[in-house]
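These notes are about the structure you will find just below.
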Amino acid sequence: MEFADPFAAPGHWYKGNLHTHTTQSDGVLEPKEVVSRYRAAGYDFLALTDHHTVTRVAGASDDAFLLLLGTELDGDRGQVAESVHVVAFGLSGPAEVPLAPSVPAAIAWAREHGGEALIAHPYWSGLTVSDMLRWDGHLGVEIFNTGCHYEIAKGCSTVHWDDLLGQGRRLWGFAVDDSHHYRSENHPTDTARAWVMVKAVELTREAILSSLRDGLFYSSWGPTIHEVTLTGEQVTARTSPVKEINFIAQRWASQSFSAPEGSTLKQASFRPSGREEYLRVECRDPEGRWAYSNPIFFGERKPPS
Ligand SMILES: [Zn+2]
Ligand SMILES: [Zn+2]
């Protein structure tokens, strides 16, 4: 069994967003302004991930805030997808970003430059599971993307994630903003809306990356997950007040707990049958916003198919 348990791990909670645009690509706000808005919103770290360029902001990092270097690469196609996007973050320094790399080349580039890679917004791109089973070496997939949610209602990619997890892929799930600061009457701001909550020993690039690699985080755009505990034969989740708490495993081996109309719940327990290959927790607050734990993996690690 593999249970990356951020709730019991030592350290502090740090809130961050790993996918953000500025005027250095197609964002609306200047890099400095983006940093100051996330800082003001209570984020501890931020990756600027402009398309095809690594944006730097002098003096943005200090004891209380960490700016990670990153970029967003694209160039490959999928079965349906015309353009597959890969987010690279945590780079060790500025670097020349390759134009139109394949997905494996983009993932390799991120790791060669000291960072990690995510498959961005699967639902928005039109990615299929067959596409995503071809790729390896990335840390995870975006399971919620604020910009895609507000623009075309395709921000939620948890089904893509479950399909991969059900095939034995051990990938972490990330909620990100992909903020461009586009907004209109029917499009609320996509700035400082979603985040990863990382348990790390300190607010440094190395410590944050290490915890992200180990899965010591959960993702949210609303609720707080206080705890996921595995005791004896039961998994228990404690959360902020929510309308539903779901325990999700492969196929139908899942269970949903909903609060009666007009009320909320803060805890639910699930007794695994023993046939689960993985189990993750998600919950939805009264505003319709979700939080997602990373999976507990049962059984032996399978080689990639
Ligand atoms: Zn993108
Ligand atoms: Zn983007």
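None of the figures in this text is laboratory data; all of them are computed from the coordinates on show. None of the values given here were measured: they were computed from a predicted structure. Cβ sites come from the backbone with ideal geometry, for glycine too, and all protein chains shown count toward neighbours.
Tally Lys and Arg at +1 and Asp and Glu at -1 over the other residues with C-beta under 10 Å from the C-beta of GLY173: what net charge comes out?
Within the 10 Å Cβ shell, the charges total -2.
Any lysines with Cα under 28 Å of the LYS15 Cα? List them, leaving off those in the same chain fewer than 8 positions away.
LYS32, LYS154, LYS199, LYS243, LYS266
Rounded to the nearest 500, what is the chain's calculated 222 nm mean residue ellipticity when only DSSP H runs of at least 4 contribute -39500 (n - 2.57) each, over all residues?
-4500 deg cm²/dmol
Under a point-charge model restricted to the Cβ atoms of Lys and Arg (+1) and Asp and Glu (-1), what is the dipole moment magnitude of the range 225-297 relative to its Cα centre, in debye to the nearest 20?
Charge dipole of the range 225-297: 60 debye, to the nearest 20.
Arrange HIS113, HIS160 by Cβ neighbour counts within 10 Å, fewest through most, would you? Working shown, then result.
On the way: HIS113 20, HIS160 24.
Going from sparsest to densest Cβ surroundings: HIS113, HIS160.
Treat each spin label as a single point 7 Å out from the Cα along the C-beta direction, and report the ASP5 to THR264 distance in nm.
2.6
Among SER210, GLN250, GLY222, pick out the residue whose Cα is farthest towards the positive end of the charge dipole of the range 203-261, where Lys and Arg carry +1 and Asp and Glu carry -1 on C-beta, about the Cα centre.
The one lying farthest along the dipole's positive direction is SER210.
Can you pull out the trypsin sites (Lys or Arg not before Pro) in the range 183-272 whose DSSP state is coil and whose Cβ has at most 14 other Cβ atoms within 10 Å?
Passing both the DSSP loop test and the Cβ count: ARG183, ARG251.
Pulled fully out, how much extra length does the chain show between ALA100 and THR23, if you take 0.36 nm times their separation in residues and subtract their Cα-Cα distance?
This chain segment gains 25.6 nm when fully extended.
Given +1 on the Cβ of Lys and Arg, -1 on the Cβ of Asp and Glu, and no further charges, what dipole in debye does the range 2-219 carry about its Cα centre, rounded to the nearest 20?
200
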